[in-house]
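Contents: one structure, followed by commentary.
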Amino acid sequence: MKIDLVKVKLEPVNWSEEVELEKGDVSPDIVEISTVSWKGKVYYAYPFFVVEFDYSYSQVIRCARCLEDISTKEKGFARYLISWEVPYTEEENVRLKEKDLGVIVVTDRFFDLTSLLSDEIEMRVPVKVLCSESCKGICAKCGVNLNFESCDCEEEIDHRWIKLLNVVGGKDGST
Ligand SMILES: [Zn+2]
Ligand SMILES: [Zn+2]
């Protein structure tokens, strides 16, 4: 959804809509994403344009250990400041880049608000997603999901450990 900053300067713009986002554009960690409902407003408050919006959606992401799908419902609120500046000289261009973070500097009068929504959703994806804190993951040898079943590979390792412990422990009187 593109807005015309010249118009916003004269009159605030409100919106409420459902938007389809390309999951690939949002984050490679998202397997599925629903339609996103969002509503908000953008207005001019010297010297910035203020964008505020609420959003909600549901998504499917993958557990980092067992690779099972996890469905979550998300909702949030975001606020951004936009500074619209038209650079005239090289020097000004440099100055614009040095602006403090947190303020989005644009030079075009048309601004795509949907890009803010994509950014917001991307930031909400945790670095490491786990289906549960106690997720056992998958067996590195046979690939079964250890949350649902156990495998012989695991037992094999256990036996070896027991033998090793016996050796280290040096049972009294034996051998
Ligand atoms: Zn898991
Ligand atoms: Zn296994």
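The numbers here are math on the coordinates, done by the rules we state, and not lab data. Since the structure is predicted, the reported quantities are computational estimates derived from the model, not experimental observations. Reconstructed Cβ throughout: ideal geometry from the backbone, glycine too, with neighbour counts over all protein chains shown.
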| query | Which entries in the list Lys9/Lys39; Lys41/Lys128; Lys75/Lys136 go over 25 Å, if you measure between the two C-alpha atoms of each? | reply | Lys41/Lys128; Lys75/Lys136
| field | Qualifying GluC sites (Glu not before Pro) for the stretch 1-37 [loop in DSSP, other Cβ within 10 Å: at most 12] | value | Glu20, Glu22
| request: Could you list Glu68, Glu133 in order of exposure, starting from the residue whose Cβ has the fewest other Cβ atoms within 10 Å? | output: Glu133, Glu68
| note | Given all pairs of distinct Cα atoms, the stretch 2-124 yields a Kirkwood Rh in Å of 16.1 Å
| If each residue's Cβ is checked for other Cβ atoms within 10 Å, how do Ser118, Ser37 rank with the fewest at the top? | Ser37, Ser118
| said: For Arg79, Arg65, Arg109, which order do you get if you count the other beta carbons within 10 Å of each Cβ and list the fewest first? | reply: Arg79, Arg109, Arg65
